[in-house]
Amino acid sequence: MLRILFLIVGISLYSCSKGDYGKIVTKERIDIRQLPIWENISRNDTLLPKFEYVDQIELYKIQYHSNDRVVWGLCLTPKREGKYPVIIFNRGGNRDFSALTYPFMLTFGGPIVEKGYVMIASNYRKEDEFGGSELNDVLSLYNTIEEIEKADASRIGMLGWSRGGMMTYLSMKESCKLKTAVIGNGPTDLFATKKSRPKMEKVYEECIPNYASNAKEELKERSVIYWPEELCRSTSLLILSGTQDKRVDPDQADRLSKKLDSLGYNYELIKRETDHFFTGKREELNEILLDWFDKELK
C-alpha cells in the first residue's frame, strides 16, 4: 500500500506542476545508414522498394527526466516540415526482454510515421515494476512531446502491445490527455495470464514490489478487467485480438469487451486469426492502425 501511495503522489505532482517531468536531457539523431539494419533494407546503398519510407523519416534516441530518474527512449519524426499528431508507443516485455531497438522502431513505427505522425516510446526505467512506478515514464512523455518541434501536443494517441497494452490501460486510467488508444493483445486480467502461462508468476515475483505479501491487490491494480469504469471516457479505444494468441488468451479481450459494452464505452474490437504478434497480418495491421489513427487523431 505504501508503494501505491507513493505512485499516486508522484502522479498527482505530475498533474499539478511540470517541473522537470519529461524534460529532455539529451537528443541524438541516429544515422540510419550507419546501422547494421541498413544492409538488410538496401542494395547498393539504395533502399529496397519495401523500405523506401525510411528515407522520409528521422530517428532519434532521447534521454528524459521521469521522477528522480533519467530514462531513455526513441522518437521517429517525418523529415518534412510541419506539425504532426503524436503516437506514444508502449513496448511489451519486461526489463531487457523486448527492449526497444532501432530496427523494431524503424520497421514497425516507420510506415506509420511516414504517413504524417510523430512516434515516441519509452524503454522504461531499469527497475521495472511491471505496471508500477515506471508508469510515470510513460506519463512524463506528455511533457517530453512539448519539446519536440514537429509534435502537435494537442493531438496525442497511444499504441500499446502486449505488456504495453497494460501500460496503456493504466495511462487511460490516470489521464484524459489521450484522444485515442490502440491496444494489441494486451493482458486485461493478470490472474488469468498467470493461469494460462504459469511462468509469468516468476515475472510477477521478480518485478512487482510486495508481490509475495500482497499479490491479490497488486494484480488487481494492473488488471483493467477490475476497473473499466475508471478509464477516461473521452478517449476512444481500439482493441486488437489475435484469436490464436498463446501469450495472452484472446478470451481476455472478449471479457473486457462485454464490460465496456455495459458501460457504453466508445470502443471497437477487431479480431484476426493470427498469433500474439499478428504474424502474417503485418500489412493488414498497418492499414488498420493508419485507418484508426487517421480517423481518431487527425
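FYI, it's all coordinate maths here, none of it is from the lab. Predicted model, so just to flag it, every value in this text is computed and none were measured. Note that each Cβ is placed from the backbone with ideal geometry, even for glycine, and that neighbours are counted across all protein chains shown.
Descriptive notes on the structure:
- Most mobile listed residue (Pro85, Pro103, Pro111) in the chain, GNM with C-alpha springs under 10 Å: Pro103
- Highest-MSF residue in the chain out of Gly82, Gly73, Gly110 [GNM, Cα springs under 10 Å]: Gly82
- A Förster radius of 35 Å, combined with the Cβ-Cβ distance separating Glu58 from Ser234, puts the computed FRET efficiency at roughly 0.65.
- In the chain, a dipole from Cβ-located charges (positive for Lys and Arg, negative for Asp and Glu) runs towards its positive end, and of Phe278, Pro250, Leu178 it is Pro250 whose Cα lies farthest in that direction.
- Among Thr101, Thr46, sorting on how many other beta-carbon atoms sit within 10 Å of each Cβ, with the fewest leading, yields Thr46, Thr101.
- When shorter helices are ignored and each DSSP H run of at least 4 residues is given -39500 (n - 2.57), the per-residue value for the chain at 222 nm works out to -9500 deg cm²/dmol.
- Footprinting exposure proxy for Cys207, Cys176 (fewest neighbouring C-beta atoms within 10 Å first): Cys176, Cys207
- Choice from Thr193, Thr180, Thr144 with maximal GNM fluctuation in the chain (Cα, 10 Å cutoff): Thr193
- Alpha-carbon Rg/Rh ratio, for the range 204-276, with Rh computed the Kirkwood way: 1.03
- Stretched out straight at 0.36 nm per residue, the stretch from Lys50 to Phe191 would grow longer than its current Cα-Cα span by 46.7 nm.
- Counting only lysines at least 8 places from Lys295 when in the same chain, those with an alpha carbon closer than 18 Å to its own are Lys83, Lys115, Lys177, Lys179.
- Neighbourhood net charge (10 Å Cβ-Cβ; Lys/Arg +1, Asp/Glu -1) for Leu297: +1
- Distance between the range 192-244 and the range 89-118 - C-alpha centres, whole angstrom: 22 Å
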